[in-house]
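Mind looking over this structure? Questions follow.
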Amino acid sequence: GQNKAYILAFIVWGGIAMAALDTQTESQLEQQFALAAERFEAGDISGAQAVLEDMLTKVPDHPIILNYLAVIAHLSGDLIRAEGLLRNSVKIMPDFFDAWNNLGLVAFGQGKHEDAAHAFQQACSLAPEAPDPTINRAHALQAQERFNEAVEAYGRGLAMQPDHPTAWAAFSRACLEDGRWQDAAFAADRQLALKPGHTVALALKSVALQQLGEGKAWRELVDFDRLIGAFDIDVPAGYADLATFNKALIDFCQNHRSLKYAPSDKATEFGSQTNNLAPETDSPVAELLLAIGKCAEQYRSERPLSSDHPFLSQRPDNWECDIWATVLENGVHQQSHIHRVGWLSGVYYAQKPAVINADMPASDMAGWIEFGRPVFYPKAKAEPMTRCYPPVEGRLYLFPSYFYHRTIPFFSETPRISLAFDLRDRPVTRQVPFIDYVDG
């Protein structure tokens, strides 16, 4: 099942000989392990854990039991216990490949990237022909900003598994960090061949094309005129005008329980952001989602399915929408970013400070949304080609999720309040968020 996607699960008992066990006890343990595996596969995680804990009382420090209890601890979110169990397992059985690889995954999940790289290296030494630990080690090296080593590790891993579902995008990003523009473009294309329309791969390819001076190819991929749409929404039912609707929306978002200042996992710096508001069906957000759906249908009808473009050729027929509010105040901004799980993304403006003016000259676009400027890569030399659009209350912009975008910093005592959203596959079928997924 899905549990296997992010950590090795139950495979076999393994038959490790334990000198103190008689044949009958060993047979009973095998039967118990089979029961634990059956419960695990059926989704009864606590039931599997109970069986394994009972087994551990009979054979303390059995490495296979420790490994699978660590799997369950990981699934339960207890990474500290999982790490402790796995360290005991490899201490008892230093050549236990599964435990070393799992230890690397658990360490990586805790941000212990050096420990993860060491564990994956141990797994590689035990199974040099296995691509997973080699690719996982590359992820850990990249997280430590050891990009040259990461590139080499990705190359070895992908030579063993050229159809790996996510590693080509991670390889492309490592190449960008190391200034290997041609290799980055090649890796992005390999990812797109496996997963057409892959959002991160399209974003990374756009960076590589810009650095290679491939202006024509970049403009076809990042086509501002063709692929960015602006829509002024109609007044939702039950509201006198857009100002009344926006006021209700603003009040709801500013008082939402999930509004958090500078969330560490988001692109918002020194501003506040909510969690996904789509489940709030009894709120002004629900009315906004109806408007977004209408605009999205118009966007698609005006840009029909087209085999000549990697974005328009992969559009989903059905989608779900995630939406969240962003409150930017004096001097704050959003870093350049993409929306990796979306197909089509957008932003709706509920409130803008008076200092942000759509009629400002080109030299003064404070508070505007800017497209085309990628994240920082230290060896990049090319000047990015960008396009800016003004925030207008009651207006939303729609754009491909792989378009890099940011808010230009502004200074005002009045907050700039917008709602960003992603329209994504239902379910996500173009890219799968494996544990080893590296964002662009």
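Any idea how many residues of the range 338-367 are closer than 19 Å to Gln273 by Cα, modelled with pLDDT of 90 or more and outside any strand (DSSP E or B)?
4
Among the candidates Asn246, Asn255, single out the residue that is out of contact with any helix residue (DSSP H, G or I) (no Cβ under 8 Å at 6 or more places or on another chain) and farther than 21 Å from Pro391 by Cβ.
Details: Asn246 fails: farther than 21 Å from Pro391 by Cβ.
Residue meeting the stated conditions: Asn255.
State whether one or more residues within the range 156-164 are without any contact (Cβ under 8 Å) to a residue 60 or more places away in the chain, open to solvent by less than 60 Å² (accessible area, probe 1.4 Å) and assigned to a helix (DSSP H, G or I).
So far as the range 156-164 goes, yes, one or more of its residues are without any contact (Cβ under 8 Å) to a residue 60 or more places away in the chain, open to solvent by less than 60 Å² (accessible area, probe 1.4 Å) and assigned to a helix (DSSP H, G or I).
Let's see how each residue does on (1) modelled with pLDDT under 85; (2) among the β-branched types (Val, Ile, Thr); (3) open to solvent by 20 Å² or more (accessible area, probe 1.4 Å):
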site	(1), (2), (3)
Ser401	no, no, no
Ile417	no, yes, no
Leu423	no, no, no
Arg426	yes, no, yes
Gly440	yes, no, no
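All but one of (1) on the phi < 0 side of the Ramachandran plot; (2) open to solvent by 60 Å² or more (accessible area, probe 1.4 Å) hold for Gly238; which doesn't?
Among (1) on the phi < 0 side of the Ramachandran plot; (2) open to solvent by 60 Å² or more (accessible area, probe 1.4 Å), Gly238 violates only (1).
Kindly list, by first and then second residue, each pair from a residue in the range 35-54 that is within 16 Å of Leu85 (Cβ to Cβ) to a residue that is open to solvent by 60 Å² or more (accessible area, probe 1.4 Å), limited to pairs with Cβ atoms under 6 Å and residues at least 6 apart or on different chains.
Once the first residue is within 16 Å of Leu85 (Cβ to Cβ) and sits in the range 35-54, its partners that are open to solvent by 60 Å² or more (accessible area, probe 1.4 Å) give Ala48/Arg39; Val51/Leu35.
Given the residues Ala203, Ala193, which is the only one that is over 19 Å from Leu396 (Cβ atoms) and surrounded by 15 or more Cβ atoms within 10 Å (Cβ to Cβ)? Walk me through how you get there before you give the answer.
Numbers: Ala193 fails: surrounded by 15 or more Cβ atoms within 10 Å (Cβ to Cβ).
Sole residue among the options that is over 19 Å from Leu396 (Cβ atoms) and surrounded by 15 or more Cβ atoms within 10 Å (Cβ to Cβ): Ala203.
Which residue is modelled with the lowest pLDDT, if the candidates are limited to the range 51-78 and must be assigned to a helix (DSSP H, G or I) and more than 15 Å from Asn102 (Cβ to Cβ)?
Kept after step one, since they are assigned to a helix (DSSP H, G or I), are these residues of the range 51-78: 51-58, 63-75.
Narrowing the set further to residues that are more than 15 Å from Asn102 (Cβ to Cβ) leaves 51, 53-58.
On the way: Val51: 92, Glu53: 92, Asp54: 91, Met55: 89, Leu56: 89, Thr57: 89, Lys58: 86.
Here the answer is Lys58.
So which of Val151, Val90 is under 21 Å from the mean Cα position of the chain (by Cα), among the β-branched types (Val, Ile, Thr), modelled with pLDDT of 95 or more and in a helix (DSSP H, G or I)?
Numbers: Val90 fails: under 21 Å from the mean Cα position of the chain (by Cα).
Within the list Val151, Val90, the selection yields Val151.
Only one residue in Ser301, Ser307 is modelled with pLDDT under 95, in contact with a helix residue (DSSP H, G or I) (Cβ under 6 Å, 6 or more places away or on another chain) and more than 21 Å from Ala240 (Cα to Cα). Which one?
Testing whether each residue is modelled with pLDDT under 95, in contact with a helix residue (DSSP H, G or I) (Cβ under 6 Å, 6 or more places away or on another chain) and more than 21 Å from Ala240 (Cα to Cα) leaves just Ser307.
Would you check if there is a residue in the range 39-50 being part of a loop (DSSP other than H, G, I, E, B) and under 23 Å from Lys112 (Cα atoms)?
no
Next up: Based on this model, can you work out whether Gly179 counts as open to solvent by 10 Å² or more (accessible area, probe 1.4 Å) and in contact (Cβ under 8 Å) with a residue 40 or more places away in the chain? Step through it out loud before you land on a result.
Working: open to solvent by 10 Å² or more (accessible area, probe 1.4 Å): yes; in contact (Cβ under 8 Å) with a residue 40 or more places away in the chain: yes.
Yes.
Among the candidates Ala217, Ala267, which residue alone is under 18 Å from Pro374 (Cβ atoms) and modelled with pLDDT under 95?
Sole residue among the options that is under 18 Å from Pro374 (Cβ atoms) and modelled with pLDDT under 95: Ala267.
Okay, moving on. Please go through the range 278-299 and give me each residue that is surrounded by 15 or more Cβ atoms within 10 Å (Cβ to Cβ), touching a residue at least 40 places away in the same chain (Cβ under 8 Å) and not hydrophobic (A, V, I, L, M, F, W, C), ordered by number.
Pro284, Glu287, Tyr299, listed by residue number.
Right, here's the next one. Among what's in the range 368-388 and is in contact with a strand residue (DSSP E or B) (Cβ under 9 Å, 6 or more places away or on another chain), part of a loop (DSSP other than H, G, I, E, B) and open to solvent by 40 Å² or more (accessible area, probe 1.4 Å), pick the residue that is farthest from Ile338 (Cα to Cα).
Thr386
Any residue at all in the range 126-133 that's open to solvent by 40 Å² or more (accessible area, probe 1.4 Å), more than 20 Å from Ala174 (Cβ to Cβ), under 24 Å from the mean Cα position of the chain (by Cα) and of a type in the set (D, E, K, R)?
Within the range 126-133, not a single residue is open to solvent by 40 Å² or more (accessible area, probe 1.4 Å), more than 20 Å from Ala174 (Cβ to Cβ), under 24 Å from the mean Cα position of the chain (by Cα) and of a type in the set (D, E, K, R).
Return the pair list, or none, for Cβ contacts closer than 9 Å from residues in the range 234-251 that are modelled with pLDDT of 95 or more to residues that are among the hydroxyl-bearing types (Ser, Thr, Tyr) and assigned to a helix (DSSP H, G or I), at least 6 apart or on different chains.
Note: pairs meeting the criteria are Val235/Thr244.
The values are calculated or read from the model by the stated rules, or taken from the named source; none is laboratory data. On a predicted model such as this, the values are computed, not experimentally measured, just so you know. Positions of Cβ are backbone-derived with ideal geometry, glycine not excepted, and every protein chain shown enters the neighbour counts. Only protein heavy atoms, including side chains, enter the accessible area calculation; ligands, DNA and RNA are left aside. Shrake-Rupley method; radii C 1.70, N 1.55, O 1.52, S 1.80 Å.
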